[in-house]
Amino acid sequence: MAYLEDAKPMKLGDIARLRASGEKIAMLTCYDASFATMFDSCGVDAILVGDSLGNVVQGHATTLPVTMEHMEYHTACVFRGMRQSFLVTDLPFGAYQESREQAMRNAARLLAVGAQMVKVEGGAYMAETVRFLVERGVPVCAHIGLTPQAVHQLGGYRVQGKGADAAAAMKADALALEQAGAAMMVIEMTPSDVAADITRAMKTCATIGIGAGPSCNGQVLVLHDMIGVSPGKRPRFVRNFIPDTGTVEGAVRAYVKAVKDGSFPAGEHGY
Ligand code: KIV
């Protein structure tokens, strides 16, 4: 495959350049080497080894049972398959909330098996941890809005940031995380206008939406949702790309194209 032979691995600076140029960043979750190879050949900019593997691979109802060992294993599998995309891995629940030293220790384990950036859920209270990691050479992706690891605190998988006070609080969280050094920020299940306002307020941090409207700098979907194999009810923000394409590779290519040309997400996918 000429595309892969010529591949230049994506670096943090390439993500920043995509953001600055206005080109949308196409990100997908991935958990194994075969899909990672396919994603590379389809032009996926960034791969997220999400702790959503607890749901779609392990069959749990939440991401809470996922461990560091699981994240290391799947990151290593993905890393072996890929040559080009930018690799982000979730720190799982309980692996970074205790102290910034604990976060650093576990981030180092993920970087050792191939991750280029770690993702942490939470608002301004995570800023100190983000700064600690970034100052020690670990790129960080923040995750605000619906944060699945806090599902019991939030009372379910619900839209966040609704109403003026909640929207202002979320924007303050985003600004604090960017100031602490987060270079990327997932915004999940958040009204489109709130995510657009946060994206405008960011100076350098690339926002990646999932159920957060079309204005973010990029989009992410869980692979199994995007190809329609997740069990249960499909969330409103998901589009299954298989019916229009017929193959998994076609679906991945169509997803990348739709993110890049702005046709995904459409109005119907937003809140
Ligand atoms: O774990 C995951 O897949 C995620 C995405 C939903 C952004 O965090």
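The values are calculated or read from the model by the stated rules, or taken from the named source; none is laboratory data. Please read these numbers as outputs of a predicted model, since none were measured by experiment. For neighbour counting, all protein chains shown are included, and Cβ atoms are generated from backbone atoms with ideal geometry for every residue, glycine included.
If you check Val130, Val159, which single one turns out to be within 30 Å of Cys77 (Cα to Cα) and either part of a strand (DSSP E or B) or of a type in the set (A, V, I, L, M) (or both)?
Just a single option satisfies the conditions, and that option is Val130.
Yes/no matrix, rows are residues, columns are (1) part of a helix (DSSP H, G or I); (2) closer than 19 Å to Ala46 by Cα; (3) without any contact (Cβ under 8 Å) to a residue 40 or more places away in the chain; (4) in contact with a Ser or Thr (Cβ under 8 Å, 6 or more places away or on another chain):
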residue: Val194; (1), (2), (3), (4): yes, no, yes, no
residue: Thr199; (1), (2), (3), (4): yes, yes, yes, yes
residue: Ala212; (1), (2), (3), (4): no, yes, no, yes
residue: Val220; (1), (2), (3), (4): no, yes, no, yes
residue: Gly228; (1), (2), (3), (4): no, no, yes, no
residue: Gly250; (1), (2), (3), (4): yes, yes, yes, no
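Val220: crowded, with 21+ Cβ neighbours inside 10 Å and of a type in the set (A, V, I, L, M, F, W, C), yes or no? Step through it out loud before you land on a result.
On the way: crowded, with 21+ Cβ neighbours inside 10 Å: yes; of a type in the set (A, V, I, L, M, F, W, C): yes.
Judged against the criteria, Val220 is a match.
Can you find, within the stretch 111-126, the residue that is surrounded by the most Cβ atoms within 10 Å (Cβ to Cβ) among those that are in contact with a strand residue (DSSP E or B) (Cβ under 9 Å, 6 or more places away or on another chain) and not in a strand (DSSP E or B)? Show your work before the answer.
We begin by selecting, within the stretch 111-126, every residue in contact with a strand residue (DSSP E or B) (Cβ under 9 Å, 6 or more places away or on another chain); these are 111, 113-123, 126.
Applying the additional criterion that residues be not in a strand (DSSP E or B) yields 111, 113-116, 122-123, 126.
On the way: Leu111: 18, Val113: 19, Gly114: 18, Ala115: 29, Gln116: 21, Gly122: 19, Gly123: 19, Met126: 26.
Once the filter is applied, the top-ranked residue is Ala115.
Is it fair to say Gly181 is of a type outside the set (D, E, K, R), under 18 Å from the mean Cα position of the chain (by Cα) and crowded, with 24+ Cβ neighbours inside 10 Å?
Values: of a type outside the set (D, E, K, R): yes; under 18 Å from the mean Cα position of the chain (by Cα): yes; crowded, with 24+ Cβ neighbours inside 10 Å: no.
Spelling it out, it is not the case that Gly181 is of a type outside the set (D, E, K, R), under 18 Å from the mean Cα position of the chain (by Cα) and crowded, with 24+ Cβ neighbours inside 10 Å.
Within the stretch 223-235, how many residues are surrounded by 14 or more Cβ atoms within 10 Å (Cβ to Cβ) and within 16 Å of the ligand (Cβ to nearest atom)?
The number of residues fulfilling the criteria is 7.
Name the pairs whose Cβ atoms lie under 7 Å apart, with the first residue in the stretch 149-176 and over 29 Å from His60 (Cα atoms), the second modelled with pLDDT of 95 or more and charged (D, E, K, R), and 6 or more positions between them or separate chains?
Listed pairs, sorted by first residue: Lys171/Asp197.
When residues of the stretch 145-178 are filtered for being touching a Ser or Thr at 6+ places or on another chain (Cβ under 8 Å), within 15 Å of the ligand (Cβ to nearest atom) and on the phi < 0 side of the Ramachandran plot, how many remain?
Residues flagged as touching a Ser or Thr at 6+ places or on another chain (Cβ under 8 Å), within 15 Å of the ligand (Cβ to nearest atom) and on the phi < 0 side of the Ramachandran plot within the stretch 145-178 amount to 7.
In the stretch 179-190, is there at least one residue being touching a residue at least 12 places away in the same chain (Cβ under 8 Å), more than 15 Å from the ligand (Cβ to nearest atom), within 20 Å of Thr29 (Cα to Cα) and β-branched (Val, Ile, Thr)?
Checked against the condition, which is being touching a residue at least 12 places away in the same chain (Cβ under 8 Å), more than 15 Å from the ligand (Cβ to nearest atom), within 20 Å of Thr29 (Cα to Cα) and β-branched (Val, Ile, Thr), the stretch 179-190 yields no hits at all.
Within the stretch 72-84, is there a residue that is β-branched (Val, Ile, Thr), under 20 Å from Asn55 (Cβ atoms) and in contact (Cβ under 8 Å) with a residue 12 or more places away in the chain?
Looking for residues that are β-branched (Val, Ile, Thr), under 20 Å from Asn55 (Cβ atoms) and in contact (Cβ under 8 Å) with a residue 12 or more places away in the chain, one finds at least one in the stretch 72-84, hence yes.
Determine which member of the set Thr62, Thr37, Thr75, Thr89 is more than 19 Å from Gly218 (Cβ to Cβ), at pLDDT 95 or above and not in a helix (DSSP H, G or I).
On the way: Thr37 fails: not in a helix (DSSP H, G or I); Thr75 fails: not in a helix (DSSP H, G or I); Thr89 fails: more than 19 Å from Gly218 (Cβ to Cβ).
Step by step, each of Thr62, Thr37, Thr75, Thr89 is checked, and only Thr62 is more than 19 Å from Gly218 (Cβ to Cβ), at pLDDT 95 or above and not in a helix (DSSP H, G or I).
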